[in-house]
Structure formats: C-alpha cells, structure tokens
Amino acid sequence: QVQLVESGGGLVQAGGSLRLSCAASGNIFSIKTMGWYRQAPGNQRTWVAQISPGGTTNYADSVKGRFSISRDNAKNTGYLQMNSLKVEDTGVYYCRLTTGSGVYWGQGTQVTVSS
C-alpha cells in the first residue's frame, strides 16, 4: 500500500503564500503522474495542477502564474507552492499519486485565505 501525508496548510491573508507538501511512503512503483486537487465546502473536488514523470507541468487556469507544482523523488515528496493567494483559493487540498499499482490520495489539508 501507498500512503500520502499532506502538510503545510493553514490560515493566510489574501496575497500571501503557502507551500504544501505531500510525503509518500510504502510500495511506490513506477510513477505516472502526481497532482493536486482542491475542494471548497459543499462543492466537488476540482483539479489544480499536475506533473508528469518527465517533469512537464500543467495548471488550472485559475491558478496559472501563481501556483507551482514540483517533486523531490529522492524524498518521495511532492510540493505545491501557492503565491498571491486569493479568497477563492480556500478549500481542502489533496495530493494524488498515480503509480503502476494504482491511484492514491492524501487525507487533505485545509487552506483558508482571509480577505
């Protein structure tokens, strides 16, 4: 089994920054992609960013130019750097890892952006 543990969430004022981390452990096989999703209260989970095994990144239009996804394979950890945060960025953020053995989700970490 693969376990993902997220950290780095918290309360920040609009315009501020946070860096989320996603530490993976367990039987990690060939990685296909790693991504971040978020879910606002009462809403569906939506895609935010992803990174391919080759390092290609993609972002939702709402976060382009503000968020940056990265990974450190030696540490089995993924990151989401969030800058210029807006109130609408508020929600629970989840990391997602696709490997040769399956798809795994973290438990989520709360990000709250105040005006």
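The values are calculated or read from the model by the stated rules, or taken from the named source; none is laboratory data. As the structure is a prediction and not an experimental result, all values here were calculated from the model. Cβ sites come from the backbone with ideal geometry, for glycine too, and all protein chains shown count toward neighbours. Just so you know, the surface numbers come from the protein's heavy atoms only, side chains and all, with ligands and any DNA or RNA stripped out. Shrake-Rupley method; radii C 1.70, N 1.55, O 1.52, S 1.80 Å.
Things to note:
- All lysines inside 23 Å of Lys86 as judged from Cα atoms, apart from same-chain residues fewer than 8 positions distant: Lys64
- In the distance distribution for the chain, Cα-Cα pairs more than 24 Å apart total 20 percent.
- Efficiency of FRET from Cβ geometry, Gln3 and Thr56, R₀ 22 Å, rounded to 0.05: 0.30
- Dipole of the chain computed with +1 at Lys/Arg Cβ and -1 at Asp/Glu Cβ about the Cα centre; of Ser25, Thr99, Leu11, farthest Cα towards the positive end is Thr99.
- About the Cα centre, charge dipole magnitude for the stretch 38-113 (Lys/Arg +1, Asp/Glu -1 at Cβ), debye: 60 debye
- Here the label points at Arg45 and Ala74, each 7 Å from Cα along the C-beta direction, are separated by 3.1 nm in the simple model.
- Computed from the alpha carbon positions, the gyration tensor of the stretch 33-78 leads to an equivalent ellipsoid with semi-axes of 21, 13, 9 Å, biggest first.
- Apportionment of accessible area to carbon and sulfur, the chain, percent (1.4 Å): 46 percent
- For a straight C-alpha distance cut-off of 20 angstrom, the lysines reachable from Lys75 (same-chain residues fewer than eight places away being disregarded) are Lys32.
- Spherically averaged projected area of the stretch 71-115 from its Cα convex hull (nm²): 4.0 nm²
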